[in-house]
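Below is one structure, written out as structure tokens; the observations come after it.
The values are calculated or read from the model by the stated rules, or taken from the named source; none is laboratory data. All figures in this text were calculated on a predicted structure; none of them were measured in a lab. Note: ideal-geometry Cβ built from the backbone for every residue, glycine included; neighbour counts use all protein chains shown. Surface accessibility is based on the protein's heavy atoms, side chains included, excluding ligands, DNA and RNA. Shrake-Rupley method; radii C 1.70, N 1.55, O 1.52, S 1.80 Å.
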Amino acid sequence: MTTRILVRWASLVAVTFALLGLGGAFAQPAPKRGGELHSLMNPEPGHLAIGLSLQVPSQVIGSKIMQSLVKYDYDFKPIPVLAESWTISPDGKTYTFKLRRNVKWHDGKPFTAKDVVFTTTELLKTHPLSRRVFARVEKTTATDDHTVVFQLKEPYAAFMTAFDPSSIPIYPAHLYEGTEYQKNPWNEKPIGTGPFKFAEWKKGSHIKLVRNDDYWKPGLPYLDAIYFHSIPDAAGRAIALEQGKVHFTSWGNIEGYDVARLKALPSLEMTTKGYEMIGVMMWLEFNYRKPPFNDVRFRKALAHAIDRKFIQQNIYYGLGKIPTGPFASVTKYYDSKVDTGWDFNPAKARQLLDEMGLKPDKDGVRLKTTLMPIAATYGEQFVRIGEYLKQALKDVGIDAPIVAVDAPTWIKRMGDWEYDLAVNFIGQYGDPELGVARTYISSNIQKGIPFNNMAGYANPKVDELFANGAVEMDEAKRAAIYREMQKVMVDDAVFVWLLEFEYPHFINKKFKNVIVNAHGNKDDFEAVHMVP
Amino acid sequence: MGRAGYILRRLLKGVIVVLAIIVLNFFLIRAAPGDPAMALAGEAGAADAEYLAKLRQDFGLDRRLHEQLAIYMWGFVTLDLGYSYKHGQPVIKLIAERLPSTILLTITAYVLSLVLGVVFGTVAALRVNSWVDTTFTVLALVFYAVPLFWLALMSILLFSVVLDWLPAVGYATVGAGHTGFAHVLDVAHHMILPTVALSLFYLAVYARLARASVLEVSRQEFVTTARAKGVDEGRIVRAHILRNAILPVISMAGFQAGHLVGGTVIVETIFAWPGIGRLAFEAALGRDYTLLLGVFFLTSALVVVFNLLTDLIYTVVDPRIEVAA
């Protein structure tokens, strides 16, 4: 089995590189070195230590400097980075990574297995995502300077999908070992192995990265420098992009109402590719502890009361996909055949509410509750969603005034279960075990902790399926497990899944190879180049 | 005791006021729901109990409130404003990095609005009910009434997008590598829009205040007497009218000088100016307690200092006022 896997990956990588090479040879002249890419950081990060926090702007910048053992293509197939090859034992419990030998840190010191062991056993101990992965590792050993062996407690099918460079960046042990990580001065000027080196941070203005001339891939990267500008106002960001002063934007840098206008500009191209790894889903969440939210008829009634197409078309200006279930369409094992079938049908919603005995009073109100949308700090569109949902619910007799709060208050109240109805959104990180399970498994119902199972949803069948899916190494069997799981959760109408986000990437046409894999703007940008 | 004693007494009172403000802010910030650990978890979009516990331990948030206050105040006394949770850096360093650009912007806007406001107000008052007066009055009302954010956005639209004369955002042209005088010119070029946007409101305030004050003083009997004695009109304006009319303007200018550092959030945000206002705003959103307290300390200390300076300037302008009284 081990040999088969190796051969399969090697073939895939070889074919990919061959296709890229041939495509490049026939389609266009070879890229030339030079040029500066100007992008954005919004908001400006506190530091660039991507191993210590998950701030998105830190990850976007830090991922050009720091690297992981592998990265992933659009289908989450691993691409070798600091590891040049790997083997998985037949029992699925031992992962052996062979590391590259010619890699140097930006300060000139050699990269070795010691760095990998230190990072995965020490530095990432408190990382909010990857610590869950490494909690499954029994022992990590450097058998020589260029070999690392992870011995797992039990098979863990998501292990090879977990090495997202922004979740598991490998850190230089010689600069971090024995230090207080949060206060380490290198957090502000990281030393990595990536194609770009940290050069300058003018606080409140910009961060500058420059080409790593000693990069382990000869000839790469192409760009001389990458700048990340801090432009806090949305109008200012759009103007900078339009005027060509900024060449690349991502996430919510550009407000929805500007997308159509900018998309039409001949100097720009837009793509929604590159968010596969994060795969963000937004939903209307119920506090299951409070009746009638624990009644599936109520949840389905609300699903029919909400016009999800309206949200997609009018609040997100056509961007995003209407979910068919709990998995984002970009997440592994998503099954399009499992479909909620929730059409916009207020009459059906009223009928379901009638069946529950929630009859309207003289003012037409069936239920008084509250709705807590996502804080406006995360984007103006979340205010619009709250306004729309309030109206849609009112149309079927549910009076849900909006509870408007800022981001830390929203997180605190969600974590403390102090809400009735709420809008929530979370990244699924490629594999259901890494990003989906945390929201739905009952062992994750823990008060005071945000972004776990805050709703209090508990279904032993779903728990069992997630547990089985985590350890099942056979792809077909694993797919069957997750197919069944999606069906169960759709039947339960756990939440009203409102929208799978598709953020726009705007790229100035002077630049090529900007979005090339599932990491999107969190890729290392080693092959980005200017049009000759 | 004289002037020195007065200054010392006021400074001592000021220190007490600032300390009281810090203690009050310490509790006020913590009264807001959520804490830095929650805010960081929010930025991460992920958390678990151990992660939050580790963050709270690192930040000292697991200690009791009075212990946290005691630690902060001891740090304050030893000139240590603490460590920013979000930035992982000393607060003093963060403030020091941002302060110069805010001071550059606000002092320029302040001087511009004060000088032009007094000039326009005085000219309008001396030509009361003329077209000049009407024009200044209408413009002052418009500048006073128009929201700053709208004015800023429209100025970007006109001068950056349509005419392409001025840069829309930033402190200097990033990556241009200007040095020396070229850098000064570059910064000045970037300063024009934010400075004008920030100035217009205060310019209107000073112009209206100066106009009203000059009008009132110029109707006083001693001005009529001076004119009857045949004193030169320029001297009447400078020595008799303005000397007296300037006092309310000084009061207002002193009051606003204290708010120079804290009152620039909108302009700094729209024009991407790397200043203190934005730093404070982002600190509030991120529940970055120590950073926010550091900025609050700076702004409250400035208010105390400028109030004292205003009183001292009063004594210079109007010798009838005695500070030691």
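Could you tell me how many of the residues in segment A:123-168 are among the charged types (D, E, K, R), within 13 Å of chain B (Cβ to nearest Cβ) and open to solvent by 10 Å² or more (accessible area, probe 1.4 Å)? Talk me through it step by step, then tell me what you get.
We begin by selecting, within segment A:123-168, every residue among the charged types (D, E, K, R); these are A:125, A:131-132, A:136, A:138-139, A:144-145, A:153-154, A:164.
The next check asks that each one be within 13 Å of chain B (Cβ to nearest Cβ); those that pass are A:125, A:131-132, A:164.
With the extra rule that they be open to solvent by 10 Å² or more (accessible area, probe 1.4 Å), the set shrinks to A:125, A:131-132.
The total comes to 3.
So, A:Val210, is that one assigned to a loop (DSSP other than H, G, I, E, B) and not basic (Lys, Arg) or not? Give the derivation first.
Values: assigned to a loop (DSSP other than H, G, I, E, B): no; not basic (Lys, Arg): yes.
No; evaluated as a whole, the condition is false for this residue.
Let's see how each residue does on (1) farther than 17 Å from A:Ile278 by Cβ; (2) in a strand (DSSP E or B); (3) not assigned by TED's automatic domain parsing to the domain that holds A:Tyr429:
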{"site": "A:Val60", "(1), (2), (3)": "no, no, yes"}
{"site": "A:Lys71", "(1), (2), (3)": "no, yes, yes"}
{"site": "A:Glu84", "(1), (2), (3)": "yes, yes, yes"}
{"site": "A:Asn102", "(1), (2), (3)": "yes, no, yes"}
{"site": "A:Asp115", "(1), (2), (3)": "yes, no, yes"}
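Please enumerate the residues belonging to segment A:305-333 that are without any contact (Cβ under 8 Å) to a residue 60 or more places away in the chain and not polar (S, T, N, Q).
If the condition is that a residue be without any contact (Cβ under 8 Å) to a residue 60 or more places away in the chain and not polar (S, T, N, Q), then A:Lys309, A:Gly318 are the ones that fit.
Within segment B:246-325, considering only helices (runs of 4 or more DSSP H) that don't extend past its boundaries, which have at least 3 residues that are among the aromatic types (Phe, Trp, Tyr)? Please lay out each step first, then the result.
Details: elements: B:265-270, B:276-285, B:289-317.
Helices (runs of 4 or more DSSP H) meeting the threshold: B:289-317.
Considering only residues of segment A:397-421 that are among the small types (Gly, Ala, Ser) and farther than 20 Å from A:Glu380 by Cβ, which is farthest from the other protein chains (Cβ to nearest Cβ)?
The first filter runs over segment A:397-421 and keeps only residues among the small types (Gly, Ala, Ser), leaving A:397, A:400, A:404, A:407, A:415.
Then keep just the ones that are farther than 20 Å from A:Glu380 by Cβ; that gives A:397, A:400, A:415.
Numbers: A:Gly397: 31, A:Ala400: 21, A:Gly415: 7 Å.
Top of the filtered list is A:Gly397.
Can you name the residue in segment B:57-82 that is on the phi > 0 side of the Ramachandran plot and within 28 Å of the chain's Cα centre (by Cα) and is also nearest to the other protein chains (Cβ to nearest Cβ) among such residues? Show your work before the answer.
Residues of segment B:57-82 on the phi > 0 side of the Ramachandran plot: B:60, B:79, B:82.
In the following step, the residues that additionally are within 28 Å of the chain's Cα centre (by Cα) were identified as B:79, B:82.
Values: B:Leu79: 19, B:Gly82: 12 Å.
The extreme case among them is B:Gly82.
Would you please name the residue that is farthest from the other protein chains (Cβ to nearest Cβ), looking only at residues in segment B:31-51 that are open to solvent by 30 Å² or more (accessible area, probe 1.4 Å) and not in a helix (DSSP H, G or I)? Give the derivation first.
So the first thing to find is which residues in segment B:31-51 are open to solvent by 30 Å² or more (accessible area, probe 1.4 Å), and the list is B:31-33, B:43, B:49-50.
With the extra rule that they be not in a helix (DSSP H, G or I), the set shrinks to B:32-33.
Numbers: B:Ala32: 7, B:Pro33: 4 Å.
Step by step, filter segment B:31-51, then rank; the result is B:Ala32.
Report whether or not A:Lys359 is on the phi < 0 side of the Ramachandran plot, open to solvent by 50 Å² or more (accessible area, probe 1.4 Å) and away from chain B (no Cβ under 14 Å).
Details: on the phi < 0 side of the Ramachandran plot: yes; open to solvent by 50 Å² or more (accessible area, probe 1.4 Å): yes; away from chain B (no Cβ under 14 Å): yes.
Yes: the conditions hold for A:Lys359.
Could you identify the single residue in A:Ile79, A:Ile61 that is buried (at least 21 other Cβ atoms within 10 Å of the Cβ) and at pLDDT 90 or above?
Working: A:Ile79 fails: buried (at least 21 other Cβ atoms within 10 Å of the Cβ).
After applying the criteria, what remains is A:Ile61.
Which numbered condition in (1) at positive phi; (2) open to solvent by 30 Å² or more (accessible area, probe 1.4 Å) is the only one that B:Gly170 fails?
Of the numbered conditions (1) at positive phi; (2) open to solvent by 30 Å² or more (accessible area, probe 1.4 Å), the odd one out for B:Gly170 is (2).
From B:Lys54, B:Lys13, which residue is more than 14 Å from every other protein chain (Cβ to nearest Cβ), charged (D, E, K, R) and open to solvent by 30 Å² or more (accessible area, probe 1.4 Å)? I'd like the intermediate steps shown before the answer.
On the way: B:Lys54 fails: more than 14 Å from every other protein chain (Cβ to nearest Cβ).
So the residue among B:Lys54, B:Lys13 that is more than 14 Å from every other protein chain (Cβ to nearest Cβ), charged (D, E, K, R) and open to solvent by 30 Å² or more (accessible area, probe 1.4 Å) is B:Lys13.
Any chance segment B:175-191 includes a residue that's in contact with a His (Cβ under 9 Å, 6 or more places away or on another chain), open to solvent by 70 Å² or more (accessible area, probe 1.4 Å) and within 29 Å of A:Glu36 (Cβ to Cβ)?
yes
State whether one or more residues within segment A:118-137 are hydrophobic (A, V, I, L, M, F, W, C), in contact with a Ser or Thr (Cβ under 8 Å, 6 or more places away or on another chain), at pLDDT below 95 and part of a loop (DSSP other than H, G, I, E, B).
Yes, the conditions are met somewhere in segment A:118-137.
Residue-by-condition table, conditions (1) farther than 23 Å from A:Ala375 by Cβ; (2) open to solvent by less than 30 Å² (accessible area, probe 1.4 Å); (3) modelled with pLDDT of 85 or more; (4) in a helix (DSSP H, G or I):
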position	(1), (2), (3), (4)
B:Ala20	yes, no, yes, yes
B:Ile29	no, yes, yes, yes
B:His66	yes, no, yes, yes
B:Asp80	yes, no, yes, no
B:Glu97	yes, no, yes, yes
B:Ser101	yes, yes, yes, yes
B:Ala109	yes, yes, yes, yes
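Taking into account only those residues within segment B:298-325 that are over 18 Å from B:Ile246 (Cα atoms) and either polar (S, T, N, Q) or over 14 Å from the mean Cα position of the chain (by Cα) (or both), which is surrounded by the most Cβ atoms within 10 Å (Cβ to Cβ)?
Going through segment B:298-325, the residues over 18 Å from B:Ile246 (Cα atoms) turn out to be B:298-305, B:323-325.
Now restrict to residues that are either polar (S, T, N, Q) or over 14 Å from the mean Cα position of the chain (by Cα) (or both): B:299-300, B:323-325.
Values: B:Thr299: 19, B:Ser300: 21, B:Val323: 17, B:Ala324: 12, B:Ala325: 5.
Filtering segment B:298-325 for residues that are over 18 Å from B:Ile246 (Cα atoms) and either polar (S, T, N, Q) or over 14 Å from the mean Cα position of the chain (by Cα) (or both), the one surrounded by the most Cβ atoms within 10 Å (Cβ to Cβ) comes out as B:Ser300.
Going through A:His229, A:His247 one at a time, which residue ends up being open to solvent by 20 Å² or more (accessible area, probe 1.4 Å) and in contact with a Leu (Cβ under 6 Å, 6 or more places away or on another chain)? Before you say what the answer is, go through the steps one by one.
Numbers: A:His247 fails: open to solvent by 20 Å² or more (accessible area, probe 1.4 Å).
Checking each option against the conditions leaves just A:His229.
Which ones in segment A:82-101 are in contact (Cβ under 8 Å) with a residue 60 or more places away in the chain, closer than 16 Å to A:Asp144 by Cβ and surrounded by fewer than 21 Cβ atoms within 10 Å (Cβ to Cβ)?
A:Ser85, A:Thr87, A:Arg100
Based on what the data block shows, is B:Gly88 within 10 Å of another protein chain (Cβ to nearest Cβ), closer than 18 Å to A:Trp410 by Cβ and free of Cβ contacts under 8 Å to residues at least 60 places away in the same chain?
no
This table checks each residue for (1) modelled with pLDDT under 95; (2) acidic (Asp, Glu).
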site: A:Lys153; (1), (2): no, no
site: A:Ser166; (1), (2): yes, no
site: A:Ile170; (1), (2): no, no
site: A:Tyr176; (1), (2): no, no
site: A:Thr179; (1), (2): yes, no
site: A:Lys189; (1), (2): yes, no
site: A:Gly192; (1), (2): no, no
site: A:Ile207; (1), (2): no, no
site: A:Asp213; (1), (2): no, yes
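Identify, by number, the condition in (1) free of Cβ contacts under 8 Å to residues at least 24 places away in the same chain; (2) open to solvent by 50 Å² or more (accessible area, probe 1.4 Å) that A:Val383 doesn't meet.
Of everything listed in (1) free of Cβ contacts under 8 Å to residues at least 24 places away in the same chain; (2) open to solvent by 50 Å² or more (accessible area, probe 1.4 Å), A:Val383 misses just condition (2).
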